[in-house]
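These notes concern the structure reproduced below.
The values are calculated or read from the model by the stated rules, or taken from the named source; none is laboratory data. Since this is a predicted model, take the numbers as computed values, not measurements. Cβ placement follows ideal geometry from the backbone for every residue including glycine, while neighbour counts extend to all protein chains displayed.
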Amino acid sequence: MKTSVIEVHAMLSVLTVDEVERRIGDVAGVESVTVNYDAGSATVRYDETRQVTARPMEPIIFREVYHD
């Protein structure tokens, strides 16, 4: 397992903390996610064998948020 911090400022402008955590948590390979609203970031623990880095998760998350 690997842990990364990703920026989620844009997501927090349209979603609640719980919704951001749920959407990121739904990405394959994500084990846990904790959003820090004040910092505009999310700490994501994930299986690096399924996602090489946290970066590939971002387009999936943003596509899901902005292209429903």
- Select from the range 28-68 the residues that are out of contact with any strand residue (DSSP E or B) (no Cβ under 6 Å at 6 or more places or on another chain), modelled with pLDDT under 85 and assigned to a loop (DSSP other than H, G, I, E, B) and list them in ascending order. Ala28, Thr49, Arg50, Gln51, Val52, Thr53, Arg55, Pro56, His67, Asp68
- Message: Suppose we keep only residues that are of a type in the set (Val, Ile, Thr) and part of a loop (DSSP other than H, G, I, E, B) within the range 10-27. Which one would you say is modelled with the highest pLDDT?
- Response: Thr16
- the range 5-27 residues that are closer than 14 Å to Arg45 by Cβ, paired with ones that are in a loop (DSSP other than H, G, I, E, B) and not aliphatic (A, V, I, L, M) (beta carbon under 8 Å, 6 or more apart): Val27/Gln51
